[in-house]
Every structure is written in C-alpha cells, then in structure tokens.
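The values are calculated or read from the model by the stated rules, or taken from the named source; none is laboratory data. Note that this is a predicted model, so its numbers are computed, not measured. When we count neighbours, we look across all protein chains shown, and the Cβ atoms used for this are built from the backbone with ideal geometry, even at glycine.
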Amino acid sequence: MENADVLLGLQDFLERMRQPSAADFVKAIKSFIVSFSNNAPDPERDSAALQEFLANMEVAFRAHPLWAGCSEEELESAGEGLEKYVMTKLFTRLFASLPNDVKVDNQLSEKMALLQQFIQPEHLDINPTFQNEAVWLLAQQELQKINMYKAPRDKLVCILSCCKIISNGLIDDSVTSKENPPGADEFLPVLIYVIIKANPPQLHLNLLYIQRFRRQSRLVAEAAYFFTNMLSSESFISNIDAKALSMDETEFKGNMESARVLLSGLSTDLQDHSTLTDPNSGQLARAEPFKPQNKALNDSKDTALQATSSEAKSENKKEITEDLSSINKVPSLSDLENKGASMLLEENQVNEVFREYPYLFARVGDMTISDVEDLLNNYKQLVFNYVCLSKGLDVSPTFHLPSNPRSHVQNNAETTVEFSEESADMTKDSSDRVALSEEKNNDSNLPQDETVAPQV
C-alpha cells in the first residue's frame, strides 16, 4: 500500500470514529488500550492479544453501516488506520519492554560498531561489479530513519526502502556490466554490509517490535521477503566470526581489538579531551588495523629498533602532541556557524547562496496550503541533519521553542488526538487535530514526533 493511501486510510478511519454511530467502536478501542497498558509486559501474550483485537475490529468494521458499500481497499485502509492509532498509543508500553531485549540490542550495536571499523566488501565476497558505495549510502540513510516512527508499518517501510534501493542498484549494475541478473546470493551480502555500515539505532528492538506487532495478515509477499532477509542478516551479524568473513582467526581478533581501542579512544577524547594511554608504557594507544607478521622477521628487526628507540620516542611524542592538539580542538556548532557566517560576509555571496532556499525571505501572506508539505519536509530534513551533526561533534543540539505554541483545545464531548502527518489534506485543520467521539477530556494526546513513513 502506498504512503498516501495509508494517510487517507488513517484520516478516513478517524473521521468515521467521529460519527455518533461509532461510539461502541471508540469505547472498545479505549477500553483495550487502558486494560492493555495496565498489564505487565509479556511479548508473547501481548502479541497474541493485539493481533486478536485488530482482527476482531476489522471484522466488525465490515459488518457496520459506517463502512457499508466500501471497497476492499477502503476496508484495508481502515485496518491500517486502526493499527497506526492503537500502536502509537501503546508504543512506550510495547517498545523495548524487556531488559533482556535491550541487552541483546546493545550487544548487537556494539558488535556492528567494531565491525564497521575494518570490514570491507571483499570480506563478504561481494562481487566488485556490484560494489556501489553511492547506492549503499542511500540505503543506509533509509535504514537509519527507523527510529523516527512508532507504528510497526512505518518502521517496516524504512526496511523496505533500504532493501529496494539495494535491489534496484544491483539490477542497474548488472545491466551496466552486462552481468546475469542478481539474485539472493548477491543481495544478502550487500544488505549485511549496509546494515553494519549503517548500524541503525536499536535495530534488534525494532525488528522484534515489527515481528510481534505488525498485523500478520499484512506481513506477506514482498514485505515478508525483505523482512526475512533483514532477520537473516541480523542473525549473521550477531554470529560473525573469522570464518564468516574469510579471515584468519588471529587477524579477526586483532582487528576487533584494534577497533575496540580506537572507539574507546575516540569516546575518551570527545567526552573529556583526556589522553588515552597505555597503563604500562604511558604512551598513547594507537589503534591500527591488525596485520599478522612473521615472528622471525620481527625478531631480526629488534636490534635496529632498540638502537633508534630514543630518537623514535622523541619523534612519537611530537607526533602524539600534534595529534592530541588537533583532536582536542573540536569546534562547537556555534563556532562552525560563526565561521561560516563570516566567510559568507567576506565573500559577499549571501544572495547567491540563499537563492536555493525559496522560503527564507517569504512572508506569511506569500504562503499557500500547497507549500506546507514541502516546507515541513525541508524543516524535518534540516532538523535531522542538524542533530546528526551535533552528535558527530558530541555537542548538545540547541532548539528554540515557538513563542506561541499551539494550545491544546478540547471539547467537552470529544478529546482531540494529535497526528503530525505530512499530508496536504490534514493541513486544512490548522491545529492538525482529529477527534474521537466519546473520549474523556483527560485522554492524553498522541506523541507529536510521529512522522509519516517514506514512500515504498
């Protein structure tokens, strides 16, 4: 189902829930959410209860006058709207609900962080014909968006987008090189490589969440195929060893240890600008890719190395001092912004640079409803890039709240529910709120950071 269809399905579902005849549906949904939230986490029981509830509600939709004469697609959209609403309400209760799941997720993330320091396409036997870093980077970016969403379907779309980019890239490469069409043997290694390089946030937790709570009747066909490949890739990465990478055992362990030292050193330098030293020698522990060497060759070099040790130590200290000086002077975001502003003024290129941004000098009266979606997309991309840059520099991003934040308008007979959706239809309501009948005034609003999944 396309992204626009899901948006319309959600909008249509909420509009129908506003009708007086939907009172029983609203009551049933509220009752389920409240009772579900009061139970202790139990993934197996929670999954079964949710699947049963969604299935029963969809059957009830079909028999209700509100959906009389609707097409199969409209009924399917209603089911998608129900799932998105319920899962957004229950997200904090269901996501990462068990400590053991969080532990496994942390272990996987740590392992990928180490692997990505030295892994190369050749380690996964990826044919040079199908090595396309530009395509892989786009796939990584799609996968890294997975934590921006709360509904299982929206998270699944990030996975599908990643997989489709890889698949289409492989097809293009095969056509260009006149190779045979790529199959699973070409696709899976590339997917594994992309996942490691992306190291998407909370990958294990997100996969569990989709597996447990995405409506099973919709996790079929292409979605099921790509999701299965993602699960297989996760399993492979979790169990990666020297043999899996066609690498000598000693070399693999050495590379993992070097990566661990490197990441430890970077963390120390960025957090408190302290020097990472070897506790025995007092020298900086420098992480280099591990390369096994012949012992006899090493022994033959010992004498020469000892003879020049004093000179080498002196040179190393100088090099270390220079390295630390450059590491410790990590500029802040404000420093970078001020530097860029000064460069713009000096080069007298302000008008030329900002010509690409049509809304920068626009006034409120210049804007139309059709501009809203484009402006919102630009804003989200800007925030995403800014936060990523902040994380990369290890500084806290600064946000300025609007001077006049929206007030929470509530009706005595209805409670409004916020959905921050990228849809021109939904911008007609200036407060982006849709009401559900029979809800009490103290019913909490949906999280405002929920965004619309990208198109498949």
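Considering the stretch 101-118, the residues that are acidic (Asp, Glu) and touching a residue at least 40 places away in the same chain (Cβ under 8 Å) include one that is farthest from Arg45 (Cα to Cα), namely Asp105. Asp105 meets each of the listed conditions (1) over 16 Å from the mean Cα position of the chain (by Cα); (2) not assigned by TED's automatic domain parsing to the domain that holds Met57 apart from (1). Checked against the criterion of being surrounded by fewer than 17 Cβ atoms within 10 Å (Cβ to Cβ), farther than 27 Å from Ser35 by Cβ and among the aliphatic types (A, V, I, L, M), the stretch 145-162 contains not a single residue that satisfies it.
Would you confirm whether any residue within the stretch 130-138 is part of a loop (DSSP other than H, G, I, E, B), over 15 Å from Ala198 (Cβ atoms), touching a helix residue (DSSP H, G or I) at 6+ places or on another chain (Cβ under 6 Å) and without any contact (Cβ under 8 Å) to a residue 24 or more places away in the chain? There is at least one residue in the stretch 130-138 that is part of a loop (DSSP other than H, G, I, E, B), over 15 Å from Ala198 (Cβ atoms), touching a helix residue (DSSP H, G or I) at 6+ places or on another chain (Cβ under 6 Å) and without any contact (Cβ under 8 Å) to a residue 24 or more places away in the chain. Taking every residue in the stretch 159-177 that is in the same structural domain as Pro189 (by TED's automatic domain parsing) and pairing it with any residue that is of a type in the set (Asp, Glu), at least 6 positions away or on another chain, the pairs with Cβ-Cβ distances below 7 Å are Ser161/Glu142; Cys162/Glu142; Ile165/Glu142; Leu170/Glu186.
In the set (1) modelled with pLDDT of 95 or more; (2) over 19 Å from Gln216 (Cβ atoms); (3) exposed (fewer than 15 other Cβ atoms within 10 Å of the Cβ), the condition left unmet by Asp101 is number (3). If you check Leu50, Leu82 for being modelled with pLDDT of 95 or more and within 18 Å of Leu10 (Cβ to Cβ), only one passes: Leu50.
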